[in-house]
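As structure tokens, the structure follows; a few thoughts come after it.
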Amino acid sequence: MANENTELKKDLGLIHIFCITSGAMISSGLFVLPGLAYEKAGPAIIISYLIAGLLSLPGMLSLVEMTTAMPRAGADCYGVIRSMGPGIGTVAGLLSWFSLAMKSAFALIGLSLLAVTFVNVNIYVIAIAGCLIFLIINLVGVKEAGVLQLVLAGILFLIMIFYIIRGLPFVEVQRFEPFAAKGIVPVFSVAGYVFISYAGLLKLASMAEEIRNPAKNIPLGMLVTLSVVTIFYFLMIFVTVGVLDGKALSGSLTPISDGANAFMKLPGKILITIAAFTAFLTTANAGIMTSARSLVPLSRDKLFPEVFARIHSRFGTPHYALFLTGIFIIVSFFLRLEVLVEAASIVLILTNVLSCFAVIILRESGVQNYRPTFRTPLYPWMQIIGIIAFGFILLEMGGEAYIITIILSLAGFSAYWFYGRKKVRSESAMLHLMERITNRELVTGTLEEELRELSLERDEVTFDRFDKIIEKCPVLDLKEKISLDKLFRIAGKELAESVGVDSRYIYRALKEKEEESSTAITPDLAIPHILTDGEHKFEILLVRSKEGIEFSGSSPKVHAIFVLLGTRDERNFHLYALSAIAQVAGDPEFMNRWMKAHNEQGLRDVVILGKRLRPWGSEK
């Protein structure tokens with residue numbers, strides 16, 4: 001029985017991430033495609049696979065950046081909604097769901113085709129049974145599905161290691177001559193052909209909300225997976241090319257199995273068949289696990305029926321989304337899979353393109369609380385190169401698959417227009433970008449607030465007393481230049497009522513403190529602080545001066561001022577507050593964020609979201 005809860009359990013660690021992602025990658029891309037790729041490019045396909053791995057970097061790194069900022073279920077879709085708006089986000093979410101589900105269906109059909117070589121059973125019976133088994137496992141819990149993925153991936157990697165070690169001594173160098181037998185151009189076109197072998201990297205984004213310590217584990221998990229899988233692809237295909245005659249390998253649908261047969265005979269062929277069987281199992285399991293999560297952000301945002309965001313009260317899984325995914329996969333068994341798989345490949349490429357565009361929009365929009373813990377290197381060139389490269393890859397795809405993709409895109413947009421558009425009123429980074437360009441008021445701050453909450457949840461921040469004071473403290477955002485004397489007079493008036501002290505006393509005390517020694521601790525930051533009589537009173541005033549205030553000859557333009565006023569019995573907390581400010585302001589990005597903050601709440605957020613220790617009275 002379900003309840004109204006929509007929060008998923010954080011049950012996945014780094015090892016689960018690696019096994020889910022690598023298991024989703026290693027299937028037909030290794031056990032079927034190399035023979036077809038060899039027919040097009042010859043021995044140089046080992047370079048084609050390396051190039052395909054490099055091509056996957058821009059989309060993967062962009063997705064990692066976006067996911068570490070917004071670690072929610074279906075993070076690729078969630079990020080596109082927050083970047084480009086709910087219309088494009090709905091299309092992206094439904095296409096992602098379709099693509100991941102179709103990959104799972106394709107894996108289950110591949111598994112069935114292998115199974116019928118051993119047992120005389122209809123392939124559809126095996127495929128449907130496999131789908132139901134994986135559906136039940138995923139309904140019981142993501143941790144259980146993750147453990148299964150760990151076991152299957154472990155078996156797969158052990159067999160691949162054995163194949164590489166056993167096969168290397170049999171490699172004949174002359175089989176690599178001529179290396180680029182078909183020319184240089186096919187080496188690059190085949191890289192696009194085998195690009196789908198790396199598509200499993202994107203599946204991790206669907207699981208982001210269920211990953212422990214996402215700030216660390218998501219980027220590490222993806223980078224480790226890409227590195228390890230690329231090495232295994234290279235070595236497995238290197239051995240296969242080196243042990244098989246070119247005529248035998250060219251066009252083969254069982255290239256790795258044929259390679260094993262060449263140096264291990266029948267036992268090796270059986271072993272690789274087991275590995276291929278295991279690979280299809282891992283892909284099918286990962287596909288069902290991740291595709292259902294693509295519906296969750298759409299349902300949470302009311303762009304899709306909200307029932308699909310519900311989480312089972314006992315198992316903590318999106319059971320309705322899983323049921324719908326299972327039905328879709330079973331129905332797809334009876335469709336023309338070769339065309340739908342090609343369409344799914346296009347969708348995965350489009351997901352990469354959207355991730356690149358989304359990061360560019362999020363960064364250029366100036367959204368203050370977009371705070372990824374991982375930032376794509378070489379921005380924006382990494383994204384631009386990725387968009388151009390993916391464009392070339394798309395040109396290689398078939399026309400029938402394009403038609404299917406357009407139909408699905410129109411269906412997704414129709415779902416938004418006739419269902420979600422009437423229910424959702426959300427901001428996107430695109431609106432912030434338009435506001436920045438046109439200098440017109442277009443946003444209300446809801447996106448900033450949402451990203452703020454996501455950052456606090458991601459970093460597992462619990463508010464302490466300092467945070468609570470900052471959350472409610474007065475803020476002065478000074479546009480014009482004023483004197484230090486005038487600042488202290490204004491500060492006295494702002495703080496007097498909250499601490500029950502005469503404003504003139506506060507003014508004099510601040511002035512005397514400054515005359516003793518400057519409270520400017522850097523050329524940009526000052527912390528005037530005084531103690532007064534009374535009990536259990538402490539207040540902070542945040543001040544931003546765009547033009548800067550002169551505190552001393554060495555600090556003529558101070559832009560960030562924290563005025564602290566507390567009673568003498570709060571001396572210990574006074575020291576704690578000074579330490580907290582010093583830690584927050586010590587971030588190299590602090591002053592940049594401070595000066596770019598859009599409003600008073602933005603200035604508070606710069607402090608609250610700043611990195612520091614919170615041992616003092618933290619509360620959930």
Discussion item. Based on Cα coordinates alone, diagonalise the gyration tensor for the stretch 502-554, multiply each eigenvalue by 5, take square roots, and list the semi-axes in whole Å, largest first.
Written reply: 22, 13, 10
Fill in: Within the stretch 455-529, GluC sites (Glu not before Pro) in DSSP loop having at most 14 other beta-carbon neighbours inside 10 Å
460, 480
Worksheet item: How large is ³J(HN,Hα) for each residue in the stretch 28-42, as worked out from phi by the Karplus curve 6.51 cos²θ - 1.76 cosθ + 1.60 (θ = phi - 60°), to whole Hz, x for Gly and Pro?
Response: 5, x, 9, 8, 10, 5, x, x, 5, 5, 4, 4, 8, 10, x
Item to complete: Assign unit charges at the C-beta atoms only (+1 for Lys and Arg, -1 for Asp and Glu), then state the dipole size of the chain relative to its Cα centre in Debye, rounded to the nearest 20.
Response: 720
Discussion item. Using only the alpha-carbon atoms, how far is helix 142-167 inclined from the longest principal axis of the chain? Give it as 0 to 90 degrees, nearest 10.
Written reply: 50
Worksheet item: Which peptide among 21-29, 583-591 comes first, and what is the full order, when sorted by highest mean count of other Cβ atoms within 10 Å?
Response: 21-29, 583-591
Response to the item:
In order over the stretch 179-187: 3J(HN,Hα) from phi, Karplus 6.51/-1.76/1.60, θ = phi - 60°, whole Hz, x for each Gly or Pro, gives 5, 9, 4, 9, x, 6, 4, x, 4
Item to complete: Pull up the cross-link candidates among the lysines for residue 537, meaning alpha carbon to alpha carbon under 25 Å and not fewer than 8 places away within one chain.
Response: 468, 472, 486, 493, 511, 513, 620
Worksheet, complete the sentence: In whole Hz, the Karplus estimates of ³J(HN,Hα) for the stretch 494-503 (6.51, -1.76, 1.60; θ = phi - 60°; x where Gly or Pro) are 5, 9, 4, 5, 5, 9, x, 10, 4, 4
Worksheet item: Can you give the % of DSSP beta bridges in the stretch 463-608 that are antiparallel, to the nearest 5?
Response: 50
Worksheet item: Beyond 17 Å, what percent of the Cα pairs of the stretch 62-135 remain?
Response: 57
Worksheet item: Taking +1 at the Cβ of each Lys and Arg and -1 at the Cβ of each Asp and Glu, which of 248, 180, 213 sits farthest along the dipole of the chain towards its positive end, judged by Cα position relative to the Cα centre?
Response: 248
Worksheet item: Using the alpha-carbon atoms, what tilt in degrees (0 to 90, nearest 10) does helix 446-458 show relative to the longest principal axis of the chain?
Response: 70
Discussion item. Give me the base-10 log of I(q)/I(0) for the stretch 537-613 at each q in 0.14 Å⁻¹, Debye formula, one uniform scatterer per Cα, rounded to two decimals.
Written reply: -0.50
Worksheet, complete the sentence: Least to most buried among 72, 604, 614, by other C-beta atoms within 10 Å and fewest first, runs 614, 604, 72
Discussion item. For q values of 0.09, 0.10 Å⁻¹, compute log₁₀ I(q)/I(0) with the Debye formula on a Cα-only model of the stretch 463-608, without solvent.
Written reply: -0.24, -0.30
Worksheet item: the stretch 14-418: percent of C-alpha pairs farther apart than 39 Å?
Response: 13
Discussion item. About the Cα centre, and with charges only on the beta carbon of Lys, Arg (+1) and Asp, Glu (-1), how big is the dipole of the stretch 498-554? Nearest 20 debye, please.
Written reply: 160
Discussion item. Are there any trypsin sites (Lys or Arg not before Pro) in the stretch 223-330 that are in a DSSP loop and have at most 16 other Cβ atoms within 10 Å? List them by number.
Written reply: 314
Practice prompt. Quick one: which residues, 5+ away or cross-chain, put their amide H under 5 Å from the amide H of residue 181? H built at 1.01 Å from N.
Written response: 44
Worksheet item: Per residue of the chain, what 222 nm ellipticity follows from adding -39500 (n - 2.57) for every DSSP H run with n ≥ 4, rounded to the nearest 500?
Response: -21000 deg cm²/dmol
Practice prompt. Any chance you could give the angle, 0 to 90 degrees and rounded to 10, that helix 429-438 forms with the longest Cα principal axis of the chain?
Written response: 60
Item to complete: Report the local net charge at residue 269: Lys and Arg +1, Asp and Glu -1, summed over other residues whose C-beta lies under 15 Å from its C-beta.
Response: +1
Worksheet item: Per the Debye formula with a single identical scatterer at each Cα and no solvent contribution, what log10 I(q)/I(0) holds for the stretch 199-272 at q = 0.16, 0.23, 0.24 Å⁻¹?
Response: -0.69, -0.95, -1.00
Practice prompt. Quick one: which residues, 5 or more positions from residue 558 or on another chain, have an amide H under 5 Å from its amide H? H modelled 1.01 Å from N in the peptide plane, none for Pro or chain starts.
Written response: 549, 550, 551
Worksheet entry | Formal net charge of residues neighbouring residue 62 (Cβ-Cβ distance under 11 Å; K, R +1; D, E -1) | 0
Worksheet, complete the sentence: Expressed as a percent, the portion of alpha-carbon pairs in the stretch 437-543 spaced more than 19 Å apart is 59
Worksheet, complete the sentence: Any residue on another chain or 5+ positions along whose placed amide H is under 5 Å from the amide H of residue 312 is listed here as 317, 319
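Throughout, read-outs are computed from the coordinates displayed, never taken from laboratory work. Computed from a predicted structure; not experimentally measured. A quick note on method: Cβ atoms are made from the backbone with ideal geometry, for glycine too, and the neighbour counts reach across all protein chains shown.
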